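Throughout, read-outs are computed from the coordinates displayed, never taken from laboratory work. Remember, it's a predicted structure, so these values are computed and weren't measured experimentally. Please note: Cβ atoms are built from the backbone with ideal geometry, for glycine as well, and neighbour counts cover all protein chains shown.
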Amino acid sequence: MPSSLAPLRSRLSRIPLGRALIALGIVLVAINIASAIWDVRKAYERTERRAQRDFSNVSSLLAEQTASSLEAVDLILREAARNGSAADVVAGLPRLRAELAHVPQVAALLVLDADANVIARSEADAFDPARFTLFREAGAEGRYISDPYPDERGGWRFLISRHLGGPRSAAMAAAIELEGFDQRYGAIDLGRGAFITLLSYDGAIIARAPDAKARGQRYPAPGMADAVRGEGSWRGWSTSPILNEPVLLAASAVRGFPLYVMSGANERAVFEPWRDEAWLVFDRTLLTSAAMLGLIALAAWGLARRERALGRSWKRYQAMIEHSADALILSRPTTGGILYASPAMERVLGFTLEDLRGREVMDFVHPEFKEQALKLRSELLHHPGKVSVDECKVLHKDGSWRWIELTRKNLLHEPSVRAVVFNFRDITERKQAEAERQRLEQRLRQAEKMEAVGRLAGGIAHDFNNILGGILGYAEMLAEKAPAGSPLKRYAENVLSGATRASGLVEQILSYSRSQRGKRAPVDLGRVVSETLELVRGSLPAGIRLESEFSASKIYVVGDPTQLHQVTMNLCTNACHAMAAGGTLRVRLETEQIGADRQLLHTLLRAGDYARLTVEDTGTGMDKATLGRIFEPFFTTKEVGKGTGLGLALVYGIVTDSAGAIDVTSTPGKGSRFAIYLPRIEVEKHAPPAEDAVAVPLARGRGERVLVVDDEEALVAVTSEILKHIGYEPVGCSDGAAALAAFDAGRIDAVIADEVMPGISGTELATALRRRRADLPILLVSGYTGPMLSERALGAGITEILKKPVQSRDIASALARVLHSQRASVA
């Protein structure tokens, strides 16, 4: 600053800040008041101009409307004047009356002679010839508009006329109703104190709203009338002879007629909006001035309390830091360590300030993340103000590791801080949720893969069943016809045995693909496991010892005994394969109450009451990678030819389908442990175990004709052979249409139909046959015997369902049952 301004600066610096603020407030209030006065003055002029514009617009519009209304009448009068004589006009009066029917404001038509006497009239009218004195003296133009006069009904009219010839000749006149003008003018709301008037140039008031009583009076304003006659309009202030007070007026000439429309309002009405606006400006000025003074006073008061406010602000900031969910640390890395820790640090990591003082933040970072943390710290210290954010594991006081979102900011250059600020946010739950989501996504992908492979396996099993049907059928017939003890007999029995084992493999594939769901019923799990272990014990390799432990009470679950047997057998078989060098196989069955949901490696174990089957071995064990894939279909660690990779996948499918869970733990070189959890139920009474089936001779037929339908011709052939062998007459067809034709061609006693056929399926064929014969026995053959097929079969009227591959004993027994039932019902 130049030296010449130094004295001014010194004097200004000595002025108390409070006084300066008060002076500033007075100046601002003065400016505010001056601005208000200016606004009020401008508003006065603006209000007057707006009112003049509004009145002028209304007058012009109404003048134009009035001219349009009168021109229609005047046009007819001019046409009548061209006809010439009064007699001609009188003769055409009916026609003129019809033309004026579309002009509602015309009350009557009059034909007058030169002395204003009525020659003819269309309607009654209170006509006074004395009113036409001026008409008799009218000039060459020959048009005259009268003063308003009352009619016989109490309304008001005025006349508009034209000479039929020259001056002082006969005339044609129309009586105009003023009611329409009153309604039109009265419908326009110009506000309180405003009015609209229709006047003639000689000052006669034709119509006025809202003061209709002034109609017929004179409005002496020659200057206004002359200005309107000459210029077409006039506006300005005048004194109303009716209201006896100043009024603001606007007048417009009615085009083509000696009339003009005048609208206006008294001075109070004109400036009513201005007064309202002036009061608003006054109130606003008063309030804003008071606000200015109040703000100045508040500022002066605030300056005096600034130090105390700063103190309170610091306390609030400190309270916010201390009660925040995030923990805060101030540290000087490499030059003193931690110097401050907020109380939240104890909630997040369990450490107090005394535990942390002087230590480095790096001392608590997990070794896995320490290298990255050191790199970030180095970059941070070389860039003042830099902020870095990362996620890492940090040591808790209890020895566990917590996931922390760590935010660092270098404020070493700030005089009030001179430290690096560390913000610790606990994100352990979020990380756990993310891990859970990833695990569930992995399970979903696994489930989708298993579903796809399952569909493939089910399709293969279906085709394989058709192949096995022919093998089993011919092998049975060959074994039955071959001499006992002959090589042919032995060969046939070996083929039959192999086909039976293949059928069991198909059952396993169908179980895996879930196309074949097992029967759901209460099962004594202890009995199933005991029976399975008896089979396992008889085939144990040398060097493996079996130990079992069962609960003293019976344990029931809901499931299929065959599938539960398969689960136990598969687990024991895998355990034996893992102990090639010998070991101990331990099987334990007990109950367990799970109090809360538990996340296992491959499944989720819900809270509840469970039966727990544990199969444990002391074999080679599995590593982490193998544990993650053991339930994948076709995944196996065995040598080629020693495992299909379906055993554990089947176990997984059966257990999860039963609302159970599987827990697997394994240590390489020490063995593995499988724990199967199945929901336990309470059963009070149980049916005794079924007796073993006793082999009986095949039931034979009596020559009944059996319709055999299958799209596989080989199956049609073998089934027909079986039927012939057991005493039936087969009729073979390879599609549904041929079967319907065969049924219509001759007697059919029973039907054996495959479900899956192109064109017409087995159930659709059964529906069609039932329409032809309601009591026809129908056997449906399918590789799938789930609830959906059962429901379809019931709706189609199927008598019984046979599961592929079908052996001769199954066919013989089923036909014997259905035909016996039919014969019994007929009898």
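Taking amide H atoms as placed 1.01 Å from N in the peptide plane, list the residues 5 or more away in sequence, or in a different chain, whose amide H sits under 5 Å from that of Val781.
So Val781 has HN proximity to Ala753, Asp754, Glu755, Leu802.
Rounded to whole Hz and in sequence order, give me ³J(HN,Hα) for region 331-346 from the Karplus expression 6.51 cos²θ - 1.76 cosθ + 1.60, θ = phi - 60°, writing x for Gly and Pro.
Ordered by residue, 3J(HN,Hα) equals 9, 10, x, 6, 9, x, x, 6, 10, 8, 9, 6, x, 5, 4, 5 Hz.
Report, by chain and number, residues whose modeled amide H sits under 5 Å from the one on Arg359, excluding near sequence neighbours (fewer than 5 apart, same chain).
Residues meeting the amide H criterion: Ile338.
Which three numbers, in whole Å and largest first, are the semi-axes of the equivalent ellipsoid of region 312-381 derived from its Cα gyration tensor as √(5λ)? Display every interim value, and only then the final one.
Working: eigenvalues 115, 38, 27 Å².
Whole-Å semi-axes of the equivalent ellipsoid: 24, 14, 12.
Is there a quick way to get the dipole size of region 214-318? I mean about its Cα centre, with the Cβ of Lys and Arg at +1 and of Asp and Glu at -1; what is the value in debye to the nearest 20?
Taking the Cα centre of region 214-318 as origin, the dipole is about 840 debye.
Counting only residues 5 or more places away or on other chains, whose amide H sits under 5 Å from the amide H of Ala120 once H atoms are built in the peptide plane?
Amide H to amide H, under 5 Å and 5 or more residues apart or across chains, Ala120 pairs with Val111.
Which pairs, out of Lys375/Lys624; Lys370/Lys409; Lys397/Lys670; Lys370/Lys670; Lys431/Lys670; Lys375/Lys431, put more than 30 Å between their alpha-carbon atoms?
Among Lys375/Lys624; Lys370/Lys409; Lys397/Lys670; Lys370/Lys670; Lys431/Lys670; Lys375/Lys431, the Cα-Cα distance tops 30 Å for Lys375/Lys624; Lys397/Lys670; Lys370/Lys670; Lys431/Lys670.
Is region 152-210 rounded, prolate or oblate when judged by the Cα gyration tensor, a ≥ b ≥ c being the square roots of its eigenvalues, rounded requiring a/c under 1.5 and prolate requiring a/b larger than b/c?
prolate
Could you derive backbone 3J(HN,Hα) for region 464-481 from the dihedral phi with the Karplus parameters 6.51, -1.76 and 1.60 (θ = phi - 60°), listing whole Hz in sequence and x where the residue is Gly or Pro?
Each residue's phi maps through the Karplus curve to give 5, 4, 4, 5, 5, x, x, 4, 5, x, 5, 5, 5, 5, 5, 5, 6, 8 Hz.
Short version: ³J(HN,Hα) in whole Hz for each residue of region 569-581, in order, from phi by Karplus 6.51 cos²θ - 1.76 cosθ + 1.60 (θ = phi - 60°), x for Gly and Pro, what are they?
Once rounded to whole Hz, the list reads 5, 5, 5, 5, 4, 4, 5, 5, 5, 7, 10, 4, 8.
Based solely on C-alpha atoms, express the radius of gyration and the Dmax of region 160-283 in angstrom.
That works out to 17.6, 71 Å for Rg and Dmax.
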